[in-house]
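Worksheet: one structure, shown below.
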Amino acid sequence: MSGSNSFDPGAARVPGGPAADPVALTVHTGPTPVLPAAPRSRGRLTALLVLLACAAPVIVSYFTYYVVRPAGRSNYATLIDPPRVLPADMALRDLAGQAVAPASLKGQWLLVVVAGGDCDRRCEARLYEQRQLREMTGRERQRIDRVWLVTDDAPLRAPIATALTTGEAPATVLRAPREAVQAWLAADDGRALEDHLFLVDPMGQWMMRAPAALEPKRFHRDVERLLRASAFWDRPGREH
């Protein structure tokens, strides 16, 4: 048959290859969709903004205290700059000998005393000052914990142990290797750790050392300023 609508088998043959089947259809897989760069970038930016929002209160409070200070104002106690973080591997034990995780101390401001278990008169004076300073902060005292790091295995004298571990707000008494404590805290020149009170912030950073010849009212003013500067991000109670 002739005519323009006639099918010519030869016309569907590819030179050098098999004849094409007019019934067979080739189905091609479509291109894999690729997310545009903009949404991915926005996701990273959102995560970064959330992180900054969480950290900003802490950063601002420390910037306010350390940098934006009223002219002529000086600290009575020694600021530790940069602050020293409580070592995560410090071997702490309670009085029953059970291991205590250093991270469990975070979440509160800490007034720390360092002394041996026999607790001489110097130790007694530091423990008394520690208690009085906490009480001097009034309603803010719930944001402060008292900690005694006992740097030997000597038994605690019964009256002291009872006074520290009973009452409305008992102190936290932990044994710690002296070498480990000395690697974290440091005394003033010519002094020993037992001569000072140490202030640790709720993130576990040692950031202030009281003078050995302590004037409680002056040190209290330093502590009070820190509590005010951190009031909008720090709340009473340990983080668990």
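The values are calculated or read from the model by the stated rules, or taken from the named source; none is laboratory data. The shown structure was predicted, so the numbers you read here are calculated from the model rather than taken from an experiment. Here Cβ is always computed from backbone atoms with ideal geometry, including for glycine, and neighbour counts include all displayed protein chains. Please note that ligands, DNA and RNA were not included when accessible areas were found on the heavy atoms of the full protein model with its side chains. Shrake-Rupley method; radii C 1.70, N 1.55, O 1.52, S 1.80 Å.
Using a 1.4 angstrom probe on heavy atoms only, work out the carbon and sulfur share of the accessible area of segment 95-240 in %.
Values: 3450 of 6990 Å².
That share works out to 49 percent.
Based on the Cβ-Cβ distance from GLU168 to LEU227, what FRET efficiency comes out when R0 is 22 Å, to the nearest 0.05? Don't skip to the answer; put the middle values down first.
Working: r = 19 Å, r/R0 = 0.88.
Working from the Cβ atoms, E equals 0.70.
What's the Kirkwood radius of segment 83-160 in Å, using all Cα pairs?
Numbers: mean 1/r = 0.0720 Å⁻¹.
In segment 83-160 this quantity evaluates to 13.9 Å.
Once you put a point 7 Å from the Cα of TYR76 and another 7 Å from the Cα of GLN98, both along the Cβ direction, what distance in nm separates them?
So the two model labels end up 3.8 nm from each other.
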